[in-house]
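The values are calculated or read from the model by the stated rules, or taken from the named source; none is laboratory data. Values in this document were obtained by computation on a predicted structure and should not be read as measured data. Here the Cβ positions follow ideal geometry from the backbone for every residue, glycine too, while neighbour counts run over all protein chains shown. SASA here: full protein model, heavy atoms, side chains in, ligands and nucleic acids out. Shrake-Rupley method; radii C 1.70, N 1.55, O 1.52, S 1.80 Å.
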Amino acid sequence: MHVRRQLTLVVGLALLAATTRCALALDPQSPASRYRQTTFTTEDGLASNVINDILQTRDGFLWIATSEGLTRFDGEHFTQGSKLFPEVESMAEGPVGDLWLATWTGVFRVSPRFLEQPGDPHVTVYHLGQGTDDSVWKVRFGRDGTLWASTRRGLYRWNGGSDFSPVINQFQGSRMDEGPDGHILMPDSKGYVEWDGARIIDHPEVARQLGIMPDQVFQVFQVFPDRQGALWFATAQGLFRQFGGSVTNIGGRGKAAYQTYPDTAGNYWISADGGVFRARGSAFEAVVTDVKCRALLADRDGGLWIGTNGDGLIHIQDGPVHMFTTADGLRSHVVMAALATRSGKLWVATDCGGIAWFDGHRFRPLIDKDHRADCAFSLAEDDNGDLLVGTFGAGVFRLHDGVLTSFLNVPALPSGTVPGILNTHDGSLWITTPRGLARWRDGQLRTYTTADGLADINVPFIFKDSAGDFWASTVTGVNKLAGDRFSLAISLQFPVILGEYRGDLYIQSKGAVTRFGGGKAPVALPPLGYPTTMIAASNELWLAEKDGIVRIEQWEPDRGTPVDYTVFTRADGMQSTECTDAGMGPHMTITRDGRLWVTTVQGLAMIDLPHLPRDTSKPVVYLRDAVVGRKSQRPWTAMPSHNRHGAEHVAMGLQFEVPS
């Protein structure tokens, strides 16, 4: 999950640094290897690590049926239910929000609010048999509101009163599914039986239809009808899909499949020997391996929950951050620069892996037989649309019509190491090196050093703002170009020019980010993790730092509103939270489709901004100032700077200001 920091006043006079989640459906086109996986066990509050069923009720709570009773999950905490309930095999939610539980000792009907009610909850118990025959394996509500219960003695239907009535006798039904026509389908050792509302229809011919030989072990574990009218058979000999007169084996024969579960995004999840898989055509794609799955649930946030036989509860979610690595065509995990060109092509420079372009699915490395530009450091585009590549030790290369040639190098350049190139679109190309700042214009190269006003010959960052002013940073401050000479404009240690937003310049120095501009006093942002680059998109600021990718939303410091920012980390899909900080990159770029690309030391991160869920809820009450001892501080400096689980501060005294 990503961490959302915002100070909010809540009941109990406590201040919470709240966490929220980015709800993204599991994209059928995304490889399962990119999904993030979280495992919950008894150490997190589950009643047992053996999970029989999972249910999400209309109020959003997740209920987990275990071998030791019920557990409820509110998104942050697990709460164990009453010990009055024996082992719960299955659950269903009634029309008025009541819980129906299939247990070893009958069907229990209980209010979902029993966890908040003192004393023993009011429970109604329905006995469908006696002794061991009272076990109920499955309960479910049909689309017409009928409640069904399957037992070792047959199929039962609730009569809406005080009892269940038998529908199919002498039939051991461990599973049941409902067809599009409302028929109830229940598997058996030969095939399945069907209840059409009036009579029982036996289907013993399934083995022959699926091509199972008479000498092969055959058992149907589930019969699932999909929306297209096909039947999916999970059997001891594998998974089969029957549509019309054709049968397709999915995942190979001889590998037992136990359950097929569809979600609203179009995925088909399969519980089978070896773990949980996704059906891709006629093949299986591994999602979670080496677990025995007992239950599957797709929640309303698009995540997949897997109940296991002893390994707890597993949550699978498509994180907001997608990573591209060597598995996606890059020749190195360390990405130094990413640039979206005017033609719409995305280029990346990798450490000792050369440059590559994105074809929409994978990265295609540029063929460089001499490996001259392998140690690519920075990227830029000139006014002709040619790609410029700064390297570590080999100068600048130009890519024109697919041909890579040397453009500038020593002795013309002060150094062959080029951490940054900037096209100022006035006919000039600026090139940063450890031995001076170079400017290429009209075929001439001009080098700027301390003799030209720079405080140091090493200029790691340069920037041209919207007003046309040119800035260069050195170890002692930010220099401004006037005419053909630099002078110190902002005195800071080791400044990093992040960029411009709404006419203001943002500079990072020793981890602190400050806003300059408009003739106003500098304004400090919240403590961040040494960001090295910034980009504006959709009225938001995005920064790349050593602790992840930061989004700053709706910040209006002049109005005294709190800083509302989000940090995306490994929990959101990043391989490493450390974004690339060497050179100028660029380390962030946005392609025409609105996707944000960020360079990291473990691949290229991508966030699909147009489809990124956003929390529009804002606190009614927020803190403007905090006093610690006798020292007045901004609220975010008084709170822990990086807090994943939330920190509680008890307020001993509060002063409210009511606007007139």
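In terms of accessible area, using a 1.4 Å probe and ignoring ligands and nucleic acids, Tyr261, Tyr530 rank largest first as Tyr530, Tyr261. Here is the list for the range 40-103: trypsin sites (Lys or Arg not before Pro) lying in DSSP coil, each with at most 12 other C-beta atoms within 10 angstrom of its C-beta, are Arg58, Lys83. Only Lys, Arg, Asp and Glu carry charge here, each on its Cβ (+1 for the first two, -1 for the last two); on that basis the range 397-548 has a dipole of about 240 debye about its Cα centre. Model label sites at Asp163 and His183, defined 7 Å from Cα along the beta-carbon direction, differ in position by 3.0 nm. Modelled this way, with points 7 Å down the Cα-to-C-beta line, the labels at Val123 and Arg300 are 2.7 nm from one another.
Average accessible surface for the range 317-385: 41 Å² per residue, computed with a 1.4 Å probe over protein heavy atoms with every protein chain in place.
Cross-link check: pairs Lys255/Lys292; Lys345/Lys546; Lys369/Lys546; Lys345/Lys510 evaluated at a Cα-Cα cut-off of 24 Å; pairs beyond the cut-off: Lys345/Lys546; Lys369/Lys546; Lys345/Lys510. Here the extension length gained between Ala451 and Ser487 equals 11.9 nm, from 0.36 nm per residue of separation less the Cα-Cα distance.
Model label points for Asp196 and Asp593, set 7 angstrom from Cα along the Cα-to-Cβ axis, are 4.8 nm apart. The Cα-based radius of gyration of the range 290-428, divided by its Kirkwood radius, gives an Rg/Rh of 1.21. Against the criterion of solvent-accessible heavy-atom surface with a 1.4 angstrom probe, His425, His400 sort, most first, into His425, His400.
Stretching the chain fully between Asp368 and Asp59 yields a gain of 105.4 nm (0.36 nm per residue, less the alpha carbon separation). These residues, Ser189, Ser491, go from largest to smallest accessible area, 1.4 Å probe, as Ser491, Ser189. Sparsely packed loop sites in the range 35-85 (the GluC sites (Glu not before Pro) outside DSSP H, G, I, E and B with at most 16 other Cβ atoms within 10 Å) comprise Glu76.
Among the trypsin sites (Lys or Arg not before Pro) in the range 121-206, those located in a DSSP loop and surrounded by at most 14 other Cβ atoms within 10 Å of their own Cβ are Arg143, Arg199.
Once the chain from Asp382 to Ser111 is taken as fully extended at 0.36 nm per residue, the excess over their C-alpha distance is 90.7 nm. Summary of the geometry: the range 386-462 and the range 220-274, compared by the centres of their Cα atoms, lie 60 Å apart. Between Phe494 and Thr39, what's the calculated FRET efficiency when r is the beta-carbon distance and R0 is 45 Å? Round to 0.05. Approximately 0.60, to the nearest 0.05.
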